[in-house]
Ligand code: HEM
């Protein structure tokens, strides 16, 4: 009898403890992911602030030549198609960077489904157009030894091209799951799409963090922004966020408190690194031009 009572008390205690640990891990993972998202959105809004202040302001005054200060060969007199692609690309950069986070806000999704559907259509269309204009910019102006080219070397060309292809493929998959009303799949692909669309933003954050960690440019030539570190970063800008996202989704689906707690801690560390990169990019890359 006593043994039975002891066993049931012990089991109850373990269950209760397990339950507490589980709910604590759930709360920790949710809080860490929301905090990551909040910091990322702040960083992306700072990017938008820079784009509007620098590119938008000069475009309003009809002064496109000034773009070449930041974007060498961004404006080439006489190259109407090439210049048009750059102008559309920069304009859409603002739309896609604001539209993405709005799509992921659960409050907006549930309270304003009409807005979610409208913004979703604009977001998908913009994701396609920014990829197509980006591809025109990358390949339309040569590869190497060509002084009109934006990027040098086949490595950088392939890295950013794969990014553009992933954006378009993920956009189609996200929409197709929405059309089939398979919401869980739709939401997972929407997150993957957000990560690849944010690739070029991650590149800037990652580059500044890399320079900071190495106490100066390492693995690339700061004059031409060319070298192995830049090629690796061109792939890592979307592959690394995708890997982290898959780990997060895996831990979230698994009923394992330890996994979730570890993921929450990892996310906090990554948020700290991302916050540092955002601050460095804002101060070093963007603020001097606004
Ligand atoms: C999807 C989100 C994207 C956003 C928000 C975005 C935004 C921008 C911005 C703001 C610039 C001006 C450079 C600066 O001032 O920092 C730029 C340049 C450029 N973008 Fe994009 N872009 C995106 C995707 C792409 C893709 C998918 C490609 C290639 C296929 C691409 C190719 C380029 C190229 C070649 C340049 C000029 C060189 C450079 O500064 O990197 N972009 N982009």
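Just to be sure, is residue 47 at pLDDT below 95 and either near the ligand (Cβ under 8 Å from one of its atoms) or over 15 Å from residue 133 (Cβ atoms) (or both)?
The answer is no for residue 47.
Taking the condition away from the ligand (no atom under 13 Å from the Cβ), surrounded by 11 or more Cβ atoms within 10 Å (Cβ to Cβ), over 29 Å from residue 279 (Cβ atoms) and at pLDDT below 95, does residue 17 pass?
When the stated conditions are applied, residue 17 does not pass them.
What is the residue count in region 67-86 for residues that are more than 9 Å from the ligand (Cβ to nearest atom) and surrounded by 17 or more Cβ atoms within 10 Å (Cβ to Cβ)? Before you say what the answer is, go through the steps one by one.
Start the filter on region 67-86 by keeping residues that are more than 9 Å from the ligand (Cβ to nearest atom), which leaves 68-69, 75-85.
Okay, now just the ones that are also surrounded by 17 or more Cβ atoms within 10 Å (Cβ to Cβ), so 75, 82, 85.
The number of residues fulfilling the criteria is 3.
Could you tell me which of the residues 136, 156, 152, 103 is touching a strand residue (DSSP E or B) at 6+ places or on another chain (Cβ under 6 Å) and in contact (Cβ under 8 Å) with a residue 40 or more places away in the chain? Write out each step before concluding.
Working: 136 fails: touching a strand residue (DSSP E or B) at 6+ places or on another chain (Cβ under 6 Å); 156 fails: touching a strand residue (DSSP E or B) at 6+ places or on another chain (Cβ under 6 Å); 103 fails: touching a strand residue (DSSP E or B) at 6+ places or on another chain (Cβ under 6 Å).
Being touching a strand residue (DSSP E or B) at 6+ places or on another chain (Cβ under 6 Å) and in contact (Cβ under 8 Å) with a residue 40 or more places away in the chain holds for just one of 136, 156, 152, 103, which is 152.
Step by step: first the residues of region 220-252, then only those that are more than 21 Å from the chain's Cα centre (by Cα) and not in a loop (DSSP other than H, G, I, E, B), then the one that is nearest to residue 27 (Cα to Cα). Which residue is that?
228
Among the numbered criteria (1) within 14 Å of the ligand (Cβ to nearest atom); (2) farther than 23 Å from residue 54 by Cα; (3) free of Cβ contacts under 8 Å to residues at least 40 places away in the same chain; (4) within 15 Å of the chain's Cα centre (by Cα), which single criterion is violated by residue 189?
Of the numbered conditions (1) within 14 Å of the ligand (Cβ to nearest atom); (2) farther than 23 Å from residue 54 by Cα; (3) free of Cβ contacts under 8 Å to residues at least 40 places away in the same chain; (4) within 15 Å of the chain's Cα centre (by Cα), the odd one out for residue 189 is (1).
Give the residues of region 262-288 that are closer than 10 Å to residue 32 by Cβ and either crowded, with 18+ Cβ neighbours inside 10 Å or touching a strand residue (DSSP E or B) at 6+ places or on another chain (Cβ under 7 Å) (or both), sorted by residue number.
263, 264, 267, 271
Take region 52-69 and flag every residue that is without any contact (Cβ under 8 Å) to a residue 60 or more places away in the chain and under 20 Å from residue 96 (Cα atoms). Step through it out loud before you land on a result.
Quick first cut of region 52-69, residues without any contact (Cβ under 8 Å) to a residue 60 or more places away in the chain only: 52, 55-68.
Result: 52, 55, 56, 57, 59.
Which numbered condition trips up residue 255, out of (1) exposed (fewer than 15 other Cβ atoms within 10 Å of the Cβ); (2) in a helix (DSSP H, G or I); (3) in contact with a helix residue (DSSP H, G or I) (Cβ under 9 Å, 6 or more places away or on another chain)?
For residue 255, the failing item is (2).
Test of understanding: among 194, 220, 235, which residue is within 15 Å of the ligand (Cβ to nearest atom), free of Cβ contacts under 8 Å to residues at least 24 places away in the same chain and either in contact with a helix residue (DSSP H, G or I) (Cβ under 9 Å, 6 or more places away or on another chain) or at positive phi (or both)?
Answer to the check: 220.
In this structure, is residue 129 touching a helix residue (DSSP H, G or I) at 6+ places or on another chain (Cβ under 8 Å), more than 21 Å from residue 236 (Cα to Cα) and more than 8 Å from the ligand (Cβ to nearest atom)?
For residue 129, the condition - touching a helix residue (DSSP H, G or I) at 6+ places or on another chain (Cβ under 8 Å), more than 21 Å from residue 236 (Cα to Cα) and more than 8 Å from the ligand (Cβ to nearest atom) - is met.
The values are calculated or read from the model by the stated rules, or taken from the named source; none is laboratory data. From a predicted model like this one, the values you see are computed outputs, not experimental measurements. Quick reminder, even Gly has a Cβ in these numbers, built from the backbone with ideal geometry, and neighbours come from all protein chains shown.
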